[in-house]
Amino acid sequence: MRAYANHQYLVEPATPHSGLIRLAIGIVLIEAIYAVALQIVDALLANAPDAIGDSYFYGDTTVGLLLQLSSFGLLIAATIIVALWGHGRKALSLIGPIQIFQRDLIRSFLIVLAFMLAMEALPPGWDTSEIDHLRAIPQWLLLLLPAILALIIQTCAEELLYRGYIQSQLAARFPHPLVWLTVPSLLFAAVHWDNGSTFTESAQYSLWAFFFGLAAADLTARTGSIGAALGLHLANNAFAFLFFAEVEGPDSGLALVLFAPGALAGSEALPESAFFSMPFKIELCGVGLMWLAARFAIRR
């Protein structure tokens, strides 16, 4: 496809070793290496004070959440090692041309984040009566640099694996976009299954992640770099981690505005049958709008 001509920047390095069995083994090895590395981290935390271990897993303190996000560096290392040993690919071949990567990362991140913040400013907005407290602005600003760096590690790990590695290896094997757009997105959706407290919430989150993965895959194919996809992913996660959370809630350690417990969950739990509820439809539309914002950011 003409729109995806730049995808060759990532596909060409994958072509010499594009066998499906090799790729399947590579994915399994990456997950195995990452799992072992996390087990080692867990063992080290077992000897640490309970407060440190709990905050790492729950992300309800600044240090705990920064450590949790930074631990995705282990997934980056696993992906780079397997790509090199199994496919003869250097780390930069998973990223794309560095100039395109840097330009699209910055543009996509800034415009998508600005769009998301602008959308939040529209009515009806947040119920300010539910705000428990605000983090001190100077303190929050000082946290921005380490927080963004930790978020870059976390989002880069997933983009390297699903778009830089899996997508390009599949594209080297199958010319039709239907394969290399959807398969990595399905895998991306699968690993996000356990992010809901009920079956319906988990299924909704996985479906949302699938469409998010499609958006990131499309941006990667259009630009020949994971920069735009990483910018989209980084903006989404920065919005989720840095601005709003519930007091002592999961992943609340870096949030500027802290709401009372339960304030962000909604007044009533939706029945299991209400899968395509209006809030969920709005979230799915939000993915499409973020994708359009990123497309605007990388327009040539």
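The values are calculated or read from the model by the stated rules, or taken from the named source; none is laboratory data. Remember, predicted model here, so these are calculated numbers, not experimental data. Note that we place each Cβ from the backbone using ideal geometry, even for glycine, and neighbour counts take in every protein chain shown.
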**OP:** Return yes when Glu31 is more than 30 Å from Leu242 (Cα to Cα) and among the charged types (D, E, K, R) and no when it is not.
**Re:** no
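Counting only residues that are among the aromatic types (Phe, Trp, Tyr) and closer than 21 Å to Ser225 by Cα, how many does the range 80-125 have?
Initial filter on the range 80-125 (among the aromatic types (Phe, Trp, Tyr)): 85, 101, 109, 115.
Remaining after also requiring closer than 21 Å to Ser225 by Cα: 101, 109.
Qualifying residue count, the range 80-125: 2.
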Original post:
Within the range 56-77, is there a residue that is small (Gly, Ala, Ser) and farther than 22 Å from Ile152 by Cα?
Top reply: no
Original post:
List, please: which pairs have Cβ atoms under 9 Å, are six or more places apart or on different chains, and start with a residue in the range 30-47 that is touching a residue at least 60 places away in the same chain (Cβ under 8 Å) and end with one that is of a type outside the set (A, V, I, L, M) and part of a helix (DSSP H, G or I)?
Top reply: Ile30/Thr79; Ile30/Tyr165
Original post:
Can you spot a residue in the range 162-182 that is surrounded by fewer than 15 Cβ atoms within 10 Å (Cβ to Cβ) and either aliphatic (A, V, I, L, M) or touching a residue at least 24 places away in the same chain (Cβ under 8 Å) (or both)?
Top reply: yes
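For the condition touching a residue at least 24 places away in the same chain (Cβ under 8 Å), of a type outside the set (Asp, Glu), in contact with an Asp or Glu (Cβ under 6 Å, 6 or more places away or on another chain) and surrounded by 14 or more Cβ atoms within 10 Å (Cβ to Cβ), what is the one hit in Gly59, Gly64? Let's see the steps before the verdict.
Numbers: Gly64 fails: in contact with an Asp or Glu (Cβ under 6 Å, 6 or more places away or on another chain).
Of Gly59, Gly64, the one residue that is touching a residue at least 24 places away in the same chain (Cβ under 8 Å), of a type outside the set (Asp, Glu), in contact with an Asp or Glu (Cβ under 6 Å, 6 or more places away or on another chain) and surrounded by 14 or more Cβ atoms within 10 Å (Cβ to Cβ) is Gly59.
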Subject >> Residue list for the range 84-94, restricted to those being touching a Ser or Thr at 6+ places or on another chain (Cβ under 9 Å), in a helix (DSSP H, G or I) and farther than 13 Å from Ala157 by Cα >> reply: His87, Ser93
Original post:
Here is a list of conditions, (1) farther than 21 Å from Leu254 by Cα; (2) within 21 Å of the chain's Cα centre (by Cα); (3) in contact (Cβ under 8 Å) with a residue 60 or more places away in the chain, and His87 meets all of them except one; can you say which number that is?
Top reply: (2)
Original post:
Which residue pairs have Cβ atoms closer than 7 Å, lie 6 or more positions apart in sequence or on different chains, and pair a first residue in the range 127-145 that is within 15 Å of Gly253 (Cβ to Cβ) with a second residue that is part of a helix (DSSP H, G or I)?
Top reply: Leu143/Thr62
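Going by the conditions given, is Pro97 more than 20 Å from the chain's Cα centre (by Cα) and exposed (fewer than 13 other Cβ atoms within 10 Å of the Cβ)? Talk me through it step by step, then tell me what you get.
Working: more than 20 Å from the chain's Cα centre (by Cα): yes; exposed (fewer than 13 other Cβ atoms within 10 Å of the Cβ): no.
So Pro97 does not fit the description; no.
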Subject >> Long-range neighbours under 9 Å by Cβ, at least six apart or interchain, first residue more than 12 Å from Glu159 (Cβ to Cβ) and surrounded by fewer than 24 Cβ atoms within 10 Å (Cβ to Cβ) within the range 206-226, second modelled with pLDDT of 95 or more and acidic (Asp, Glu) >> reply: none
